[in-house]
1. Aspartates and glutamates near K323 by alpha-carbon distance under 18 Å, same-chain residues fewer than 8 away left out - which ones?
2. Please give the net charge around M291, taking every other residue with its beta carbon less than 12 angstrom from that of M291, where Lys and Arg add +1 and Asp and Glu add -1.
3. Please express the Cα-Cα pair-distance distribution P(r) of region 124-280 as a list of whole percents, one per 5 Å bin, running from 0 to the bin with the greatest distance.
4. Considering only Cα-Cα distances, which of the following residue pairs are longer than 30 Å: K29/K98; K57/K117; K43/K263; K77/K268?
5. By Kyte-Doolittle mean hydropathy of at least -1.0 and Cα axial length of at least 27 Å, which whole DSSP H helices of the chain are selected?
6. What residues of region 4-22 lie in the reach of a label at D46, counting those whose backbone N is under 18 Å from a point 7 Å from the Cα along Cα→Cβ?
7. Given only helices, namely DSSP H runs of n ≥ 4 each adding -39500 (n - 2.57), what is the per-residue ellipticity at 222 nm of the chain, to the nearest 500 deg cm²/dmol?
8. At 0.36 nm per residue, and after removing the present C-alpha to C-alpha distance, how many nm does the segment from S276 to W326 gain when stretched out fully?
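Read the figures in this text as sums done on the coordinates, not as results from a lab. What you see is a predicted model; the values in this text were computed from it and never measured. Using ideal geometry, Cβ is built from the backbone for each residue, glycine included, and neighbour counts are taken over all protein chains shown.
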Amino acid sequence: MAIVIGIESSAHTFGVGIVKDGRILANEKIMYPINDTGIIPAKVADFHAINAQEVLKNALLKSNLTMKDIDAVGYTKGPGLGPCLRVGQLSAKTLSLKYNIPLFPINHALAHIEIVKQLNNIDDVLVLYVSGGNSQILALTSEPFKHYHVYGETLDISIGNMLDNFARYAKLKPAWGSSVAKAALNGSYLSMPYTVKGMDFTFTGLLTYAEKMLPLQSLNNVAYSLQETAFAMLCEAAERALLLLKKKSIIICGGVAQSSRLKEMITKMAEQHNASVYTAPNEFNADNGAMIAVVAEHMLKSNEHFDIDDCNINQKYRIDSAKIMW
Ligand code: MG
């Protein structure tokens, strides 16, 4: 039996999750209130530092546990914003030292994937990871070590970043992905730049074009066309990977996996190849601590060990360098 805490702090969310033998007991979080200035890392880090103890306390209360019941603690090593990552790392390190429990540094993208796999009880999948910081198409490989290989990814900004940028430009309210979705309802399609290169894709040209169209066309039509074009690019790249790798299951994870239109489009594509699509409730696709706890539990159960001095942060920690030992 194992009870594990996970701490997530890579961007605007400070989250603490608790997992017991694969079951999520708590998933508490607080989110920096985003305004039209976007995210200023030092300010968000201050916010996390001020709220860390309270979120931890709430997670323990929710699961009816005390720190003495906890067997290990994991935290987000990266990728993410340095000052924000640092708060989670120091919180986890403090708990590890104080309660003499193992400490696990965790890749944020891997955690997004593993929680969706665990909630759906599946393993052999193609992954579409779409968020504010990343957009990648991934699948497990065992060479030269077990890890997620990146088959395709954005060559410039992420899909979430692109939608956020557009929403700010159009003066839409946060949260930006869902504001664009609302603005897009019942729009008409205008042709927009569409860039897929094999299984890679780019979004900056599309963003610039959409911004230039805004004074000329209605926000409704521009938002609709931007969203449809961007999601269609993800569908094409994912379809190519699905056929190349002969997978029968796709998971969609990360913050933008909360988009119902994206899920609908990927599901339509998958149905044509008799593949199934899985995702998680929105609570677990947004950044959260439970996903970090899920990976920390795998690490604990496979007897992984990290020296506390090696438990650092890495703002550019890529998922294809994260070794999987379970
Ligand atoms: Mg994320």
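1. By straight Cα distance, K323 reaches E114, D123, D124, E143, E297, E304, D307, D310.
2. Every neighbour counted, the sum reads -3.
3. 2, 10, 20, 22, 20, 13, 8, 4, 2, 1, 0
4. Long pairs (Cα-Cα over 30 Å): K43/K263; K77/K268.
5. The answer, listed by residue number, is 41-63, 219-245.
6. Flagged as within label range: 11-14.
7. The helix-only estimate for the chain comes to -14000 deg cm²/dmol at 222 nm.
8. 15.6 nm
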